[in-house]
1. Which residue fluctuates most in the GNM of the chain (Cα springs below 10 Å): S72, S47, S112?
2. List the aspartates and glutamates whose Cα sits under 17 Å from the Cα of K93, skipping any in the same chain fewer than 8 residues away.
3. Which whole number in µm²/s is D for the chain by Stokes-Einstein, with the Kirkwood Rh taken over Cα pairs at 37 °C and 0.692 mPa s?
4. E161 to R58: FRET efficiency via 1/(1 + (r/R0)^6), r the Cβ-Cβ distance, R0 30 Å, to the nearest 0.05?
5. For the chain, just give the cysteines left without a disulfide-compatible partner, judged by no other Cys Cβ under 4.7 Å.
6. Mind running the shape call on region 64-154? Use the C-alpha gyration tensor, a ≥ b ≥ c as the square roots of the eigenvalues: rounded below 1.5 for a/c, prolate if a/b tops b/c, oblate otherwise.
7. For helix 157-167, what angle does its Cα long axis make with the longest principal axis of the chain, in degrees from 0 to 90 and rounded to 10?
8. Top mean-square fluctuation among G82, G110, G126, Gaussian network model of the chain, C-alpha springs under 10 Å?
Amino acid sequence: MSNVFFGGSRKLARLNPALRTRLRNLITNGHTVLIGDANGADKAVQSYLAQEGYKNVRVYCMDGECRNNVGSWETVAIDSGGKKRDFAYFAMKDARMSLDADYGFMIWDGESKGTLNNVLNLIQQGKSALVYFSPTREFVSVKSKDEVAALVSRCGTDAREALNKTIKLEKRTAAAEQSALKFA
């Protein structure tokens, strides 16, 4: 079975019926869920999986301290090397999950830098992500840098500028294009 990296915006703490249906499909198919320990989408997905009694879950935490592990599942501790608790600190955990995953499932509010960073990490590794784009309540399959750009184009100008500033969106999608050309 596949390893599915779940991530999402901290602002999104409830799962609607469409998201629950997708999670039910993953449970039915026996996939391993790789998930972080943040509040919001991580905790909501953890709560649903625990309610369903699903055991095939790994929770990724920084420095062995999980903020949330609702189902008391196996944990994967990421050593920060003493770094401060900022965006880069938590991005280390997310980067590891993207490496361990076969594909991703992200619940995105159109603003969360961490969630979009996860999508980019997956794409840059030749993996895909299914993104639930909450502003329009739709699922978007993302397999390439062009599809990342199309998804981001749905966001407001302020959100796009903030995303570009923090995760260097334009530079990373250009770098992905250049590295793809090197292997062609």
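Please treat every number below as a calculation from the coordinates, not as lab data. Computed from a prediction, not measured in an experiment: that's the story for all the values here. Virtual Cβ from ideal backbone geometry, glycine too; neighbours counted across all protein chains shown.
1. S72
2. Of all the aspartates and glutamates, those that pass the test against K93 - Cα under 17 Å, at least 8 places apart if same chain - are D37, D42, D63, E65, E74, D79, D102.
3. My calculation gives 198 µm²/s for D.
4. Calculated value: 0.30.
5. Unpaired cysteines in the chain: C155.
6. prolate
7. Tilt relative to the chain: about 80 degrees.
8. G82
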